[in-house]
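Taking it in order: structure first as structure tokens, then the write-up.
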Amino acid sequence: MPSTRSAAPRCAALAGPYLCGKTTLLESLLFAAGATTRKGSVKDGTAVGASAPEAKTRHMSVEVGLATADYLGEPWFFLDCPGSVELSADAQNAMMVADIVVVVCEPDPAKATALGPLFKFLDDNGIPHVLFVNKVDLLGAHELRIRDLLEALQAASTRPLVLRQVPIREGEQVTGYVDLVSERAYHYNSHAASDPIAIPDGVRERERSARQELLEALADFDDGLLTALLEDVDPERDEVYRQLTRDLAGDLIVPVFLGSAENDNGVRRLLKALRHEAPDPAETASRLGVEPNGGAVVQAFKTYHAPHAGKLSFARVWHGSVGEGMTLGGERVGGLFRMQGLSQQKLATARAGDVVALGRMERVGTGDVVSEHGERSRSPLWPQPPSPVFALAIHAEQRNDEVKLTAALAKLVEEDPGLAFELSQDTGELVLWGQGDIHLQIAMDRLRGRFNVPVAGRAPQVAYKETIRKTTSQHARFKRQTGGHGQFADVHVDIRPLPRGSGFAFTEKIVGGAIPRQFIPAVEAGAREYLAQGPLGFPVVDVAVTLTDGQFHAVDSSEQAFKTAARMAMAEGMPKCDPVLLEPIMNVTIAVPSEYTARAQRLASGRRGQILGYDARPGWPGWDEVKACLPQSELHDLIVELRSLTQGVGTFSFAFDHLAELTGRHADRAVEGRQAKVAAQ
């Protein structure tokens, strides 16, 4: 049957939770389409979608993998999206430019929750998607039912899931399926095309019931089909296919297919459905608000800095044709490539629908739309990177690599929008932020391998402060005679606490010229210098110092002498003021599915958190937000435990709220750690 779509190249993204089998499905699709003669393996490090060194080490996809194939004379591009929730930013960018997304899942209802954020992203952005239930060969052995799976998945999707096939079982084995539109049955063959068979008698009743449910779901969006069903008229098969295609393109339904990528079962049927029902590139460009302007228009969806080739911008051509050497967005295209994993094939031209890599487009960023007429813009529909939830303080192992490290980090952040880095003003550490421990370990591996900058990382320091709870008066005299002019300064200061958040205040009450006016700023400077590290070893806040009296020498007094005397007065007086440690308290919002709300509250309470309440998460049916105040020291690995409690979908955001007094063993531990660091320097 010829495709009803145009011959323009189309693009499908494969997405789904970690270990659901996306990369294995990509290998099966390429094998079924004849693009490869042998399937690769993630475990063996030979998979097209997991060809990066970091992927081979971890046996998982760590970035979007690109592959291409011709199926029945039509060109296809496949984007294998990483499944780890920590790498979702890269996956989301790829899904934005795909004509259709194949959501891959396992047949276990208990794992349905993990698909909630993915369905939400696709529905919020109107991206057409189908569901491929992988590993159906495990259904019988684990006593799982497709009906139970769909019920669990439907709770995670705002679009109706429309089953396209029902499985044929022989004992505990799933041996084939019945197509609910064509009403034809097929028997699975391992690593080969399925054979048509008669519909088994034991499946016929289930097939009729499931087909009726499919038609009723479609009738919700078509009055003509609804009328036919009410009049007990069986609609024409071609009309059902047309309705499926229209509803899929409009992101109104989610067709559900079955198969086993490992055994190449159901994969050819999936390919045929994509061929007949996936939208055209022009429809996808319109969805993104990218309209034709009479010339070439492309959009970058990923940036990659190759070790020797320089910067590559992976892009989708929306309109016109692109050639090496032409100008896009005011910048010359330094090379045009087709990617198969990390392998590059040089191209002369690319047409609308193609997925290519553009060489050395230095000013083009991920999400940018550039045109032949020099225009450069960014779609307002492009997703914002997720807020960081995990951090490591990193440093170059070789001191002479520090400048090189900063440049490498800038490239890394350009590649991965889920990363960010900053130089902490409180601790002086270079802090790398990301979406989890695996995410940052991958980033550091790239720094070591691709950018040749050996780095080490550890948990960032907490920005503790200290303050005082009592008032004291202190006298200090600095006197030194060294032949010639000596050094002399004498000061009396009052030291008192201020309300939280007041900072530092300095005043003076000098009368009668006890200290000349030109030396008073030096006293303030000396006090400030001391407060950078108080008696507990941390910066001091919320303190007032008043200069009340003093003496000077007409020859030996100087600004430096008074600064030293002020430091001496502070060093002697501050320990008498009952110093106390202050820890940063963050305002934290934890987002979880409603069934995990109680666990999230216990998690926050167990980390010395104060629960402020919880409410429904806006725009997320079935989710709650728990609001709490937590110490900064308890946030470092919060995301790790939160995800382990919520099938990987829980997340949180935070902002500084206030400083609170810290005493007891937690304070002792912080002070001991500070002293150990100072001793090691």
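The values are calculated or read from the model by the stated rules, or taken from the named source; none is laboratory data. Just so we're clear, the structure is a prediction, and the values are computed from it rather than from any experiment. Glycine also receives a Cβ, built like all others from the backbone with ideal geometry; neighbour counts cover every protein chain displayed. Only protein heavy atoms, including side chains, enter the accessible area calculation; ligands, DNA and RNA are left aside. Shrake-Rupley method; radii C 1.70, N 1.55, O 1.52, S 1.80 Å.
Within the range 464-596, what whole-number % of the accessible surface is contributed by carbon and sulfur, with the 1.4 Å probe and all protein chains included in the calculation?
Working: 2960 of 5850 Å².
Here it works out to 51 percent.
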Discussion item. If you count only protein heavy atoms and use a 1.4 Å probe, how large is the accessible surface of Ile438, to the nearest 10 Å²?
Written reply: 70
Discussion item. For His475, what accessible surface area do you get with a 1.4 Å probe? Give it in Å², rounded to 10.
Written reply: 80
Worksheet entry | Paired Rg and Dmax values of the range 437-528, which use every Cα atom, in angstrom | 24.2, 69
Worksheet item: For the range 648-655, in order, what is each residue's ³J(HN,Hα) by Karplus, 6.51 cos²θ - 1.76 cosθ + 1.60 with θ = phi - 60°, in whole Hz (x at glycine and Pro)?
Response: x, 9, x, 8, 7, 10, 8, 8
Worksheet item: Once the range 152-292 is represented by equal point scatterers at the alpha-carbon sites, with solvent omitted, what log10 I(q)/I(0) does the Debye formula produce at q = 0.16, 0.18 Å⁻¹?
Response: -0.94, -1.14
Worksheet entry | Neighbourhood charge, 12 Å Cβ-Cβ cut-off, centred on His191 and excluding it, Lys, Arg +1 and Asp, Glu -1 | 0
Practice prompt. Could you compute the FRET efficiency for Gln173 and Ile197, with r as their C-beta to C-beta distance and R0 at 22 Å, rounded to 0.05?
Written response: 0.90
Response to the item:
Bounding extents of the range 581-681 in its principal axis frame from Cα atoms, largest first in Å, are 53, 24, 19
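Determine, for each peptide in 245-252, 419-426, the mean count of other beta carbons within 10 angstrom over its residues, then list the peptides with the highest first.
Numbers: 245-252: 18.2, 419-426: 14.2.
Most protected by this proxy first, the peptides run 245-252, 419-426.
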Item to complete: Sort out for me the Cα centre separation of the range 82-161 from the range 645-681, rounded to whole Å.
Response: 37
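How do the peptides 12-24, 530-542, 368-380 rank, highest first, by the average count of neighbouring beta carbon atoms within 10 Å per residue? Could you put the intermediate results ahead of the total?
Details: 12-24: 24.4, 530-542: 18.6, 368-380: 16.8.
Those peptides, ordered most packed to least, come out 12-24, 530-542, 368-380.
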Worksheet item: Per the Kirkwood definition applied to all pairs of different Cα atoms, how many angstroms is the hydrodynamic radius of the range 102-230?
Response: 16.0
Worksheet item: Modelled label-to-label distance, Arg145 and Thr57, 7 Å Cα→beta-carbon offset: nm?
Response: 4.6
Practice prompt. Mind giving me the FRET efficiency for His636 and Lys509? R0 is 60 Å, r the Cβ-Cβ distance, nearest 0.05 is fine.
Written response: 0.85
Worksheet item: What ranking of Met60, Met568 comes out by heavy-atom accessible area, probe 1.4 Å, highest first?
Response: Met568, Met60
Worksheet item: Along the charge dipole of the range 189-341, Cβ charges K/R +1 and D/E -1, which of Val240, Phe314, Ile197 sits furthest on the positive end?
Response: Phe314
Worksheet item: ³J(HN,Hα) across the range 117-126 via Karplus (A = 6.51, B = -1.76, C = 1.60, θ = phi - 60°), whole Hz, x for Gly/Pro?
Response: x, 5, 4, 4, 5, 5, 5, 4, 9, x
Fill in: Student exercise, the range 300-386 dipole from Lys, Arg, Asp, Glu Cβ charges, in Debye to nearest 20
160
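Report the extension gain between Asp124 and Glu239 in nm, rounded to one decimal, defined as 0.36 nm multiplied by the number of residues separating them, less their alpha carbon distance. Write out the running numbers ahead of the final one.
On the way: separation 115, 0.36 × 115 = 41.40 nm, distance 2.82 nm.
So the extension gain works out to 38.6 nm.
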Worksheet entry | Per-selection metrics, the range 606-652 (Cα): Rg and Dmax in Å | 11.4, 32
Item to complete: Taking amide H positions as placed in the peptide plane 1.01 Å from N, state which residues far from Phe652 in sequence (5 or more) or on other chains have amide H under 5 Å from it.
Response: Ala591
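How large is the accessible surface per residue of the chain, computed with a 1.4 Å probe and reported in Å² as a whole number? Can you show the working numbers first?
Working: 28980 Å² over 681 residues.
For the chain, the per-residue accessible area is 43 Å².
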Worksheet item: What residues qualify as long-range amide H neighbours of Ile197, i.e. H under 5 Å apart, gap of 5 or more or another chain, H built at 1.01 Å from N?
Response: Ala185, Tyr186, His187
Worksheet item: When the solvent-accessible surface of protein heavy atoms is calculated with a 1.4 angstrom probe, in what order do Arg360, Arg608, Arg643 fall, highest first?
Response: Arg360, Arg608, Arg643
Item to complete: Mind ranking 113-126, 547-560 by how tightly packed they are, going by the mean number of other C-beta atoms within 10 angstrom, highest first?
Response: 113-126, 547-560
Item to complete: Starting from the amide H of Lys302, placed 1.01 Å from N in the peptide plane, find each other amide H under 5 Å away whose residue is 5 or more places distant or on another chain.
Response: Phe314, Gly367
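Taking all protein chains as present, what is the carbon and sulfur share of the accessible area of the range 9-135, in % to the nearest whole number, probe 1.4 Å? Before the final figure, lay out each step's value.
Details: 1820 of 3480 Å².
Carbon plus sulfur share of accessible area: 52 percent.
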Practice prompt. Would you mind computing the Rg to Rh ratio of the chain from its alpha-carbon coordinates, Kirkwood style for Rh?
Written response: 1.11
Worksheet item: About its Cα centre, how strong a charge dipole does the chain have in debye, to the nearest 20, once Lys and Arg get +1 and Asp and Glu get -1 at the Cβ?
Response: 2360
Worksheet item: Binning every alpha carbon pair distance of the range 407-457 at 10 Å from zero, what are the percents per bin?
Response: 25, 60, 15, 0
Worksheet, complete the sentence: Whole-percent carbon and sulfur contribution to the accessible surface of the range 310-392 (1.4 Å, no ligands, DNA or RNA) stands at 49
